[in-house]
Amino acid sequence: MQILPLTSEHADDAARLWSECGLTRPWNDPRSDFRMAVSGPSSEVLGALDDDLLVGTVMVGHEGHRGWIYYLAIDQAHRGSGLGKALVAAAEEWIEGQGIPKVMLMIRAENDDVRRFYERLGYVDQGVSVLGRFLDEDLQRLRQGSA
Ligand SMILES: CC(C)(COP(=O)(O)OP(=O)(O)OC[C@H]1O[C@@H](n2cnc3c(N)ncnc32)[C@H](O)[C@@H]1OP(=O)(O)O)[C@@H](O)C(=O)NCCC(=O)NCCS
């Protein structure tokens, strides 16, 4: 098993894995998210490759102040063997290597399993609320289920 930065050729495999892991939403295009992350100067998608098979991912990035983790996904057959923990460690190493001292992530409110996973790794609630608004009104309607 190798953990490596992915390139645009992995976009379809990553999108498939994210979909299988329940991480995609109709208002997000996962391939576009992937391509933007692997081509930007302040982000990467790290992948766990079992030979050529993509079995895990984590997206990392920073805005100069905090590092962020997204799209942590391990395929079903490879869960429970430490791969999620290894990808989070790789993401933390990448963020620290960029000179960023803090890592943050968002968990969907209903995702208690993942909250417990991150708590096991030492992550704690930061006592902040995340507010957001779509700048595109079509996306806002889609998010509210009226489109
Ligand atoms: C969450 C996820 C990444 C965990 O990956 P994994 O490879 O199975 O986790 P690991 O085997 O590395 O587990 C690391 C530790 O967390 C613990 N852990 C894992 N899942 C857990 C859970 N649901 N509840 C409590 N602890 C958990 C493990 O027991 C292990 O503890 P240990 O170090 O004491 O042995 C994986 O279940 C997944 O891909 N879920 C779906 C996608 C998702 O929701 N991603 C998060 C988006 S925010």
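Arrange the residues LEU4, LEU17 by how much accessible surface each exposes, largest first, with a 1.4 angstrom probe.
Working: LEU4 65, LEU17 0 Å².
Highest to lowest solvent-accessible surface, that is LEU4, LEU17.
Along the charge dipole of the chain, pointing to its positive end and built from +1/-1 on Cβ of Lys, Arg, Asp and Glu, which listed residue (ILE100, VAL45, PHE134) has its Cα farthest out?
PHE134
Report the charge-dipole magnitude of the stretch 2-143 in Debye, nearest 20, computed about the Cα centre from +1 at each Lys and Arg Cβ and -1 at each Asp and Glu Cβ.
Details: 15 positive and 23 negative charges, 104 e Å.
Dipole magnitude for the stretch 2-143 comes out near 500 debye.
Which one, ALA48, ALA37, ALA86, has the greatest fluctuation when you compute a Gaussian network model over the chain with C-alpha springs under 10 angstrom?
Greatest mean-square fluctuation among the candidates belongs to ALA86.
Distance from the Cα centre of the stretch 12-26 to that of the stretch 39-109, in angstrom?
For the stretch 12-26 versus the stretch 39-109, the Cα centre distance is 15 Å.
For the stretch 1-85, which GluC sites (Glu not before Pro) are both in a DSSP coil and crowded by at most 15 other Cβ atoms within 10 Å? Walk me through the numbers on the way to the answer.
On the way: sites: GLU9, GLU20, GLU44, GLU63; in loops: GLU63.
Sparse-neighbourhood loop GluC sites (Glu not before Pro): GLU63.
In a Gaussian network model over the chain where Cα atoms closer than 10 Å are linked, find which of MET36, MET106, MET59 has the largest mean-square fluctuation.
Maximum fluctuation in the GNM of the chain, among the listed residues, is at MET106.
Regarding the chain, what whole-number volume in Å³ per residue does the convex hull of its Cα atoms give? Write down the numbers at each step before the final one.
Working: hull volume 19.0 nm³, N = 147.
Each residue corresponds to 129 Å³ of Cα convex hull volume.
The values are calculated or read from the model by the stated rules, or taken from the named source; none is laboratory data. Everything numeric in this text was worked out from a predicted model, so none of it was measured. Here the Cβ is made from the backbone with ideal geometry for all residues, glycine too, and neighbour counts use every protein chain on show. Note: accessible area is taken over every heavy atom of the protein model, side chains too, but ligands, DNA and RNA are not part of it. Shrake-Rupley method; radii C 1.70, N 1.55, O 1.52, S 1.80 Å.
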